[in-house]
Amino acid sequence: MHKQSRRLILFLAPILRPKETFIKSNNSYNTGMSRIDNEKFYTAAIKKHGENSKGVHWNSVHSQVTRFKVLLSHIEDDDFSLVDAGCGFGDLYFYLQEKEVRFSSYKGLDLCASMVEIAKEKTDQEIMQSDICKDVLPEADYYICSGAMNILTRFDTYLFIRNCYEASRKGFVFNLLLGEDDSLVYNHFFPKDLEDLFEDLGAVVSISKGYLAHDFTAFLKKP
């Protein structure tokens, strides 16, 4: 695809959402926000593994906590408000408390209804069911996302990033799987694949790699 065509897609992303985004899976085609059914994907993991890191499809507590550490290393403020985009069970909230990170408010957003109910009960914080690619989002100093884009289509990944960045006052920090986009389930990128989007947003970009195999973190700071 030519650069001009890619930039047109990125420009239209917040305005137009295709009626059908086709991803081939198991000899059929899915439409919508994820490559596979989001609710079934996570509900099955919860039933199998329970309310822990594997229940949100992380390999281990170590990999989950490592990602949290890298995400937060990009935020130098004290006493900031944040939205946890794709909050799962609210594990980031407990990590913030454990590390005594000073924050003024925490809100969690998740598409999966069962996740929302569990996170509400566990954290006693404001947790809302939300489709981040469609819904009006609450403002916060920072948006943080760990893993919630891992089964999105590429088009919806652009929407997700744009919407979170625009809802933030200071910036959006997130991680993605690193590599060729050749999986029917998981969403992989190289940082260079997102350069046009970052340029279009006018963000000041910082990239972290090397902390885990097949993973990278991007911080989009408001100029």
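No value in this document is a laboratory result; all are computed from the given coordinates. Being a predicted model, the structure only gives us computed values, none of them experimental. Quick reminder, even Gly has a Cβ in these numbers, built from the backbone with ideal geometry, and neighbours come from all protein chains shown.
List of remarks:
- Cβ-based exposure ranking for 151, 127, 118, in which fewest neighbours within 10 Å come first: 118, 151, 127
- Counting neighbouring Cβ atoms within 10 Å and putting the fewest first, the residues 105, 208 line up as 105, 208.
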